[in-house]
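Encoded as C-alpha cells, the structure appears first; notes follow it.
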Amino acid sequence: ASGLQVRPWYAVLDLTAQTHARDFATSLREGLSHRPRRLECRFLYDAVGSKLFEAICELPEYYLTRTEDAILRHHAHAMPPPQSSRLLPGNRETLEIVELGGGSSSKIQTILRAVLDSGRSCLYIPIDVSPTALQAAVADLARHLPRVVVNALAADYEVGLGWLKRHPTNHPRMIVFLGSTLGNFEDDEAVSLLRAVRAALKPGDAFLLGTDLAKPPEIVQPAYDDHQGLTERFIRNVLDHANRELDAGFRQEDFLYRVTYRPDRGRVEMALEARRALSIPLGRAASKPISNMSLDAGETVLVEISRKFTLDELMWLAREAGFIEDAAWTDPKGWFRVQRWRP
Ligand code: AVI
C-alpha cells in the first residue's frame, strides 16, 4: 500500500500500483489476436470515456439509470440488512457499505441516508480504479452527508475485494454493485467476480446487486444506439484512448459502429467494423515481431457486451457464487431489478 492520505473525515488507500498485472498494452495485443477480436470494456473509462458515460446516463433512451434510481428511492429503507438483535441497549451499530465502482454518488447517497435513518452509523468504502474520481466522490459526500465516514480504496475490484478479505471487521457489511455493470461481464468473469464478493463477506452480511432485465428489442436497442450518437462516441473512444496512451495508430474513419441486441443471447453487442482491409500500428502494445495488426474488410472488434438478464440467469449466477437471495425489488414495468443476496 502506498499513498495513504488521512483527513479528519476520510482516507484514500491507494492500491493502484497492484493493479497493473493485465495492463492496457497486453490486453490490446491479446484482444486483437483473439478470434473473434475483442477489447476489454474497462479501457472505455479514461477521463473522456467517463464523462461520456455520465452523459449517456442522462439520455432519454438510456432507461437504466433512471429506472434503478426510482427503485432505490422507493425501497432504499428496506435494502440495508436489519440491525443485529444481539446489540446491547444504548450501543449504536456501524454498518459498512462497500461500493464497487464507487462514485455514482446520488444512488449511493440514497442508500447511505437509509442506513443513517435506521439509527446506525455508517462507514462507506468505495472501490474504484481512479483516485481522482474517488476524491471527487468523497468531497461530494462530505458536503451532502458529513456524518458518513469514508475509507476509499483506489483499486480494481479484484484487488479491492482481496484487501477487504484480508482485513476482516466485526461490523456488519453490505457490498453494493449498481448500474447493471455486472452485465458487462461474460459468465465466467461474472462468476469469478461474484465469488470474490462473497469471499469478502461473513455470515449475516449482504450483497446488493442492480441488474437490467430482458425486454423487447425496441426498448433496449435505442438505449445503445441513441439519436445524439453519444454511445457511438463512447465506444469509439477506446481507439483514441489506445492512440493517446499507447501511441497506437487507429483511425476513426476506418471503422463503423455496429450495435446489435441479440435477444437469443440476452445481450447487446457493441462493436467496431473495419470498413476496408487494415494494418494498424500497435505502438507500445507491439511485441516483437508483431508491430501491426491486420484486419480484413468487414471484420469486427467486439468492444462491449451489455447483458439483459432473465431471472433464471440471475438465480444461476447466485448459486454458482454461493449466494442465497433474500429480497428483491423491481419497477412497475419490470425493466430493472435490485436484489439482496446473502452469503
Ligand atoms: C456501465 N454499463 C452498465 C453500461 C451498460 O449499459 O452496459 C455501459 C454502457 N455502454 C454503452 N452505454 C452504456
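No lab work stands behind these numbers, since they all come straight from the coordinates. On a predicted model such as this, the values are computed, not experimentally measured, just so you know. Don't worry about glycine lacking a Cβ; one is built from the backbone with ideal geometry, like all the others, and counts go over all protein chains shown.
Averaged over all directions, how much area does the convex hull of the C-alpha atoms of the stretch 37-107 cover when projected, in nm²?
8.0
Within the stretch 73-145, list the trypsin sites (Lys or Arg not before Pro) lying in a DSSP loop whose Cβ has at most 15 other Cβ atoms in a 10 Å radius.
ARG86, ARG92
Given only helices, namely DSSP H runs of n ≥ 4 each adding -39500 (n - 2.57), what is the per-residue ellipticity at 222 nm of the chain, to the nearest 500 deg cm²/dmol?
Working: 10 runs with 119 residues, N = 343.
Calculated at 222 nm, the ellipticity per residue is -10500 deg cm²/dmol.
Computed over the Cα atoms of the chain, what is the ratio Rg over Rh, Rh following Kirkwood?
0.98
Can you classify the stretch 72-172 as rounded, prolate or oblate using the Cα gyration tensor, where a ≥ b ≥ c are the square roots of its eigenvalues, rounded means a/c under 1.5, and otherwise it's prolate if a/b beats b/c and oblate if not?
On the way: a/c = 1.93, a/b = 1.32, b/c = 1.46.
Verdict is oblate for the stretch 72-172.
Tell me, what is the percent relative contact order of the chain, built from C-alpha pairs under 8 Å that lie six or more residues apart?
21
What does DSSP give for the chain in terms of the percent of beta bridges that are antiparallel, rounded to the nearest 5?
If we restrict to bridges inside the chain, about 55 percent are antiparallel.
From the cross-link list LYS51/LYS215; LYS288/LYS308; LYS107/LYS333; LYS51/LYS288, which pairs have alpha carbons spaced over 29 Å apart?
Numbers: LYS51/LYS215 27 Å; LYS288/LYS308 40 Å; LYS107/LYS333 20 Å; LYS51/LYS288 35 Å.
Result: LYS288/LYS308; LYS51/LYS288 exceed 29 Å.
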